[in-house]
Amino acid sequence: MLLDLENVKKSFVEPNGDQLPILDIPRFQLQRNEQMVLVGPSGCGKTTMLHVIAGIRRADAGAVRIDGTDIESLSEAGRDRFRAAKIGYIFQTFNLLPGFSALENVLLGMTFARGRKDPPRAQMLLDRVGLTARASHNPSALSVGEQQRVAVARALANRPALILADEPTANVDHAHQSQIVELIRETCREENIGLLMVTHSQEVASQFERVDRLEEINRV
Amino acid sequence: MSLFGIAWRSIRQRALASLLTALSMGLGVMLVVAVLSIHGVVSESFRSNASLGYNMIVGAKGGKLQLTLNTVYYLSQPVENIPYEYYLEFLTAEQRQREQADPGRIDLKRDGRFGRSVALAIPVCLGDYVEEFRLVGTTPAFLDKLRFGPEMDRKFEFAAGRNFQHKSAEHGYFEAVLGAVAARELGAGLGAELHPAHGDPEGHVHAQGFTVVGILKRSGTPNDRAVFVNMEGFYLMADHAKPVDEDAEHAHAHDQDPPHDHDQAPDQAHAPKPQDHDPAHDHDHDHGDDHAHGHDHGHDHAAAGPIPMNQREVTAVLIRTVDAAVTPGLQNTINEGREAQAVLPVLEIYNLFEVIVRPIQTVLLVLTAMICVVSGISILVSIYNSMSERRHEIAVIRALGAGRDTVMTIILLESVLLSLGGGIAGWLVAHALNALAGPLIAAQTGVAIGFWNIELSEALLIPAILLLAVLFGFFPALSAYRTDVGKSL
C-alpha cells in the first residue's frame with residue numbers, strides 16, 4: 001500500500017472562532033504505482049487533502065501512512081524531510097522560483113533531500129519533458145506549458161514514491177491540457193511512481209482509469 | 001544548489017534594493033576604516049615626533065604645553081625668552097669658553113650650573129617667519145647632532161647642498177637651510193635669498209636676507225616645515241638684539257672670533273661690532289615676540305660681528321641629559337628657579353594625545369560605529385519589507401521539503417552576504433583612498449600610508465559586521481520561520 005488515510009479529520013478556524021470542518025475521511029487508499037484522479041468542485045477540500053497527505057498541513061486526527069510511515073506521528077521537521085524524499089508536488093500555478101533557471105528549479109527539488117543531489121538526473125528530466133534547449137532559461141522566458149513541464153521535472157527530481165498534482169492543467173491552455181496529463185502519467189509510469197491528481201475538469205478525469213469523487217470519500 | 005546559492009540568487013533578484021543596502025553598510029565601514037586610519041596616522045605622527053633627540057626643553061616660565069607646541073611643532077607663539085646667560089648654564093666651562101661673542105660680565109671660565117648634567121644643549125630662537133614657515137635661529141648642531149625617529153637613529157640628511165655654517169666666506173652669518181616641505185612650497189632652491197618677516201607671517205620683512213645653502217630630505221617631523229638659519233645671523237637682524245644700558249653696550253671693544261656651536265673649533269674670523277644700539281628706542285613688538293628690540297627697522301648688520309651676550313635671548317634650549325636618571329632632578333631644580341621652566345616634551349605630547357586627541361578619536365569611532373548600526377537597520381528594513389513579497393516563495397521552498405530552520409538560515413545568509421559584501425567593498429574603497437592620499441599624508445605628517453596599512457583594530461570589523469548581520473537579519477528570518485505554508489501557497 002502506497003497511501004493510506006484512516007479517519008483523517010481537518011478543520012479550519014474561522015475569523016469568528018468557529019470551527020469549519022473541511023475533511024472527514026474514514027478511509028482512502030492508493031496502491032503502489034497506481035494512478036488516480038480525485039475530482040470535486042472548487043472549494044470542496046481537494047487542495048487541503050493534498051496538503052495533509054504532503055505533510056504541509058497537519059491533520060486534526062487520524063493517520064496518514066505513506067510508504068508505511070505515518071507522517072502524522074512525525075515532527076514538523078520530520079514531515080519536511082519526508083516530503084523532500086518521498087513526495088513530489090506539482091502545483092496548480094507551477095510555483096517555479098523566478099530567480100532560478102529551469103535546471104536550477106529542478107535542482108532545488110533535490111536540495112532539501114539528504115544525499116539526493118544529482119545534476120545529471122536533473123538535466124535528464126528536463127530532456128524527458130522536452131526542455132533540453134531551455135534548461136538555462138528563467139521561468140519568465142518560458143511559456144506556460146514549458147513552465148508546467150519544468151514543474152513536472154522538479155516533482156520527479158528525488159524519485160519520490162508519490163506524486164501529488166494539484167490541478168496541474170488549470171493554467172494550461174485547452175489544447176495542451178491532455179499533453180500535460182499524458183506527460184505526467186507517462187513519466188510516473190516509467191519511474192514507478194504513484195500518482196494522485198486532483199482536478200475539477202471532467203475532461204482531465206476521463207484520461208484516468210480510477211476516478212474518485214471527493215464528496216464520496218469525505219463525510220463533510 | 002547550496003543555501004548560499006539560494007541566498008545569493010534572492011539578493012540578485014532584488015538587485016537594486018540589495019545594492020543600496022549593501023552600499024549603506026559599505027559607507028559605514030568606509031568611515032570606520034577612515035577613522036581608524038586617521039587614528040593610526042595621528043598616533044604614528046605623535047609617536048615619531050615624540051622621539052626628538054632631546055628629552056627636555058627649557059624656556060620661559062608659562063604654559064608647558066605652549067612651550068612644547070611652539071618648540072617641537074612650531075605652533076602657537078613663543079611665551080617669552082630667556083637670557084642667553086641662562087643658556088650658558090647648560091654648558092661646561094670648556095664649552096662656555098668657546099663662545100665667541102662678547103660675554104660682558106659673564107664668567108665663562110666656570111662650568112654652567114647644569115653643564116655636567118647635560119650631554120647636548122641646543123639653543124633655538126623663534127618668532128620670525130618666511131611666509132607661513134617658522135624661522136628657526138639655531139646653531140649648526142641642530143641639524144648635525146640631533147637624531148630622531150622611533151629608534152633615535154635617524155639624522156637629518158640633505159637632498160641638496162649642506163648645513164649652514166656659523167660663518168661662511170660666501171655668506172657670512174646669513175645662511176639658511178630649508179625643510180623639505182618648506183623648500184617645495186616656497187619654490188626656493190639653493191642660492192635663493194629669503195627675507196624673514198618679523199613676528200608674524202604678514203609682519204615687517206627684514207631687509208637682511210639669508211641665502212639657502214641646503215635643503216633637507218623629508219624627515220617626517222615638523223622640521224620639514226621650518227627654515228633654519230644661523231643664530232648669529234638671526235641676532236644681527238633688525239630688532240632682534242635686546243636693548244641694553246649705554247655703558248654695557250660699549251664694553252665690547254675687543255675683536256672676537258664669531259660664536260659657534262660647542263662641538264666645533266672656534267672660527268678665527270674677526271667679529272664685527274653691532275652698530276646703532278639705541279637703548280632709548282621703543283620696543284615696537286608685541287609681548288611674546290622675541291628678538292624685537294631697539295634697532296631701527298631695516299638696519300643692516302651684515303657687516304657687524306656677533307652681538308654681545310647681554311643683548312641676546314633665546315626662546316628655548318633643547319636639552320639631552322647625560323643620563324635619564326638626572327632628568328627629574330634637573331627639571332626640579334630649573335622649575336624651582338625664577339628664570340625658566342623645564343618641560344619633558346614627550347610627556348606633554350603624550351598628555352595632549354591622551355587628553356584631547358584620543359577622546360576625539362573615540363567619539364569619531366563611536367559615531368562611525370553608529371553609522372554602521374544604522375546601515376544594519378536599513379538591511380533589516382530592506383529584507384523585512386521583502387518578506388511580504390516573498391512569503392509565497394518561502395512557502396514553495398517549504399513545500400519542496402525545506403524545514404523552518406532552513407528558510408530562516410537562507411534569510412540570515414542574505415543578511416550576512418549583504419553586510420559582508422558591503423563591508424568588504426567599503427574596506428577596499430577606504431584603503432584605496434588611503435593609497436591615493438598616501439603621498440599627501442606623507443608630505444604633511446611624515447607618516448607613510450598605503451593600501452596595505454592595516455590597523456590591528458580593523459580585525460574586529462569582520463566579526464562586528466557578522467554580528468550586525470545576524471542581529472538585524474534575525475527578525476526577517478524569524479518572519480520566514482513563521483510562514484504558514486498552507487495559507488501562503
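The values are calculated or read from the model by the stated rules, or taken from the named source; none is laboratory data. Keep in mind the model is a prediction, meaning the values are calculated, not measured. Reconstructed Cβ throughout: ideal geometry from the backbone, glycine too, with neighbour counts over all protein chains shown. Keep in mind that these areas ignore ligands, DNA and RNA; they rest on the heavy atoms of the full protein, side chains included. Shrake-Rupley method; radii C 1.70, N 1.55, O 1.52, S 1.80 Å.
Once backbone amide H atoms are built at 1.01 Å from N, A:Phe12 has A:Leu20, A:Ile22 as its partners under 5 Å, excluding neighbours fewer than 5 places away on the same chain. With the whole protein complex present, A:Asp212 retains an accessible surface near 30 Å², based on a 1.4 Å probe.
Near A:Ala170, within a Cβ-to-Cβ distance under 14 Å, what is the net charge of the other residues, with Lys and Arg +1 and Asp and Glu -1? Numbers along the way, then the final one.
On the way: positive: A:Lys46; negative: A:Asp166, A:Glu167, A:Asp173, A:Glu203.
Charge balance near A:Ala170 sits at -3.
For chain B, give the share of DSSP beta bridges that are antiparallel, in percent and rounded to the nearest 5; count only bridges with both residues there.
Values: 32 of 43 bridges.
DSSP beta bridges in chain B are roughly 75 percent antiparallel.
From its DSSP helices (H runs of at least four residues, each -39,500 (n - 2.57)), chain A gives a residue-normalised ellipticity at 222 nm of -10500 deg cm²/dmol. Near A:Gly40, once Lys and Arg are set to +1 and Asp and Glu to -1 for all other residues with Cβ below 10 Å from its Cβ, the sum equals -1. Listed values for segment A:181-186 are Karplus-derived 3J(HN,Hα) couplings in whole Hz (6.51 cos²θ - 1.76 cosθ + 1.60, θ = phi - 60°), namely 4, 5, 4, 4, 5, 5, and x replaces Gly and Pro.
Checking the table B:Lys155/B:Lys242; B:Lys217/B:Lys242; B:Lys109/B:Lys242; B:Lys61/B:Lys109; A:Lys10/A:Lys117 against a 31 Å threshold on Cα-Cα, which pairs fail? Don't skip to the answer; put the middle values down first.
Values: B:Lys155/B:Lys242 33 Å; B:Lys217/B:Lys242 34 Å; B:Lys109/B:Lys242 24 Å; B:Lys61/B:Lys109 28 Å; A:Lys10/A:Lys117 34 Å.
From B:Lys155/B:Lys242; B:Lys217/B:Lys242; B:Lys109/B:Lys242; B:Lys61/B:Lys109; A:Lys10/A:Lys117, over 31 Å: B:Lys155/B:Lys242; B:Lys217/B:Lys242; A:Lys10/A:Lys117.
What average number of partner chain Cβ atoms lie no more than 10 Å from the Cβ of the residues making up B:387-400? Can you show the working numbers first?
Numbers: counts 0, 0, 0, 0, 0, 2, 4, 0, 2, 9, 5, 5, 11, 19.
Rounded to a whole number, the mean comes out at 4.
Rolling a 1.4 Å probe over the protein heavy atoms leaves B:Ser457 with an accessible area of roughly 50 Å². The amide H of B:Gln100, built 1.01 Å from its N in the peptide plane, has B:His260 as neighbours under 5 Å, considering only residues 5 or more places off or on other chains.
Binning all Cα-Cα separations of segment A:31-139 at 5 Å, short to long from zero, yields these whole-percent fractions: 2, 10, 16, 19, 18, 17, 11, 5, 1, 0.
Suppose a student asked you for the relative contact order of segment A:1-156, using Cα pairs under 8 Å spaced at least 6 residues apart; what percent would you report? Don't skip to the end; give the middle numbers.
Working: 224 pairs, mean separation 31.1, N = 156.
So the answer I get is 20 percent.
Here is the interface size for B with A: some 2000 Å² of accessible area buried, both sides summed, with a 1.4 Å probe.
Using only atoms on other chains, find how many Cβ atoms lie within 10 Å of each Cβ of peptide B:3-12 and report the average. For peptide B:3-12, the averaged partner shielding equals 3. Summary of the geometry: segment A:95-125 and segment B:169-226, compared by the centres of their Cα atoms, lie 77 Å apart.
Across A:Ile193, A:Ile56, the residue with the most accessible area heads the list, and the full order at a 1.4 Å probe is A:Ile56, A:Ile193.
Only helices enter the 222 nm calculation for chain B: every DSSP H run of n ≥ 4 contributes -39,500 (n - 2.57), and dividing by all residues gives -14000 deg cm²/dmol, rounded to 500. The mean of 1/r over all pairs of different alpha-carbon atoms in the protein assembly as shown, once inverted, gives a Kirkwood hydrodynamic radius of 32.7 Å. Relative contact order for chain B: 25 percent, from Cα pairs under 8 Å spaced at least 6 residues apart, divided by residue count.
Quick one: what do you get for chain B if you divide its Cα Rg by 2.2 N^0.38 Å? Don't skip to the answer; put the middle values down first.
Numbers: Rg = 32.3 Å, N = 489, 2.2 N^0.38 = 23.1 Å.
This ratio for chain B stands at 1.39.
Backbone geometry of segment B:451-466 corresponds, through the Karplus equation with coefficients 6.51, -1.76 and 1.60 at θ = phi - 60°, to 3J(HN,Hα) couplings of 4, 8, 6, 10, 6, 4, 5, 5, 4, 7, 4, 4, x, 5, 5, 4 Hz, x marking Gly and Pro. If you take every residue apart from A:Gln207 with its C-beta less than 12 Å away from the C-beta of A:Gln207, what net charge results, scoring Lys and Arg +1 and Asp and Glu -1? Every neighbour counted, the sum reads -2.
Tell me the trypsin sites (Lys or Arg not before Pro) within segment A:116-151 that lie in a loop according to DSSP and have at most 12 other beta-carbon atoms within 10 Å. All intermediate terms of the calculation are to be shown ahead of the outcome.
Numbers: sites: A:Arg116, A:Lys117, A:Arg121, A:Arg128, A:Arg134, A:Arg149; in loops: A:Arg116, A:Lys117.
Sparse-neighbourhood loop trypsin sites (Lys or Arg not before Pro): none present.
Calculated FRET efficiency, B:Ala369 to B:Ala207, Cβ-Cβ distance, R0 = 60 Å: about 0.55 to the nearest 0.05. A 1.4 Å probe run over the protein assembly as shown, with the rest of the protein chains in place, finds 42 Å² accessible per residue.
State the antiparallel share, in %, of DSSP beta bridges confined to the protein assembly as shown, rounding to the nearest 5. Intermediate values should be presented prior to the final figure.
Values: 49 of 78 bridges.
Beta bridges within the protein assembly as shown, antiparallel portion: roughly 65 percent.
For segment B:95-224, the relative contact order works out to 24 percent when only alpha carbon pairs closer than 8 Å and six or more residues apart are counted.
Per-atom-type breakdown for segment B:385-430 gives carbon and sulfur 65% of the accessible area (1.4 Å probe, protein chains only).
What FRET efficiency do you get for B:Phe474 and B:Asp200 if R0 is 41 Å and r is their Cβ-Cβ distance, rounded to the nearest 0.05? Can you show the working numbers first?
On the way: r = 62 Å, r/R0 = 1.51.
For R0 = 41 Å, the calculated efficiency reads 0.10.
Solvent exposure of B:Met237, expressed as accessible area, is near 0 Å², computed with a probe of 1.4 Å over the protein chains only.
From the alpha carbon centroid of segment B:377-439 to that of segment B:51-123 is 64 Å.
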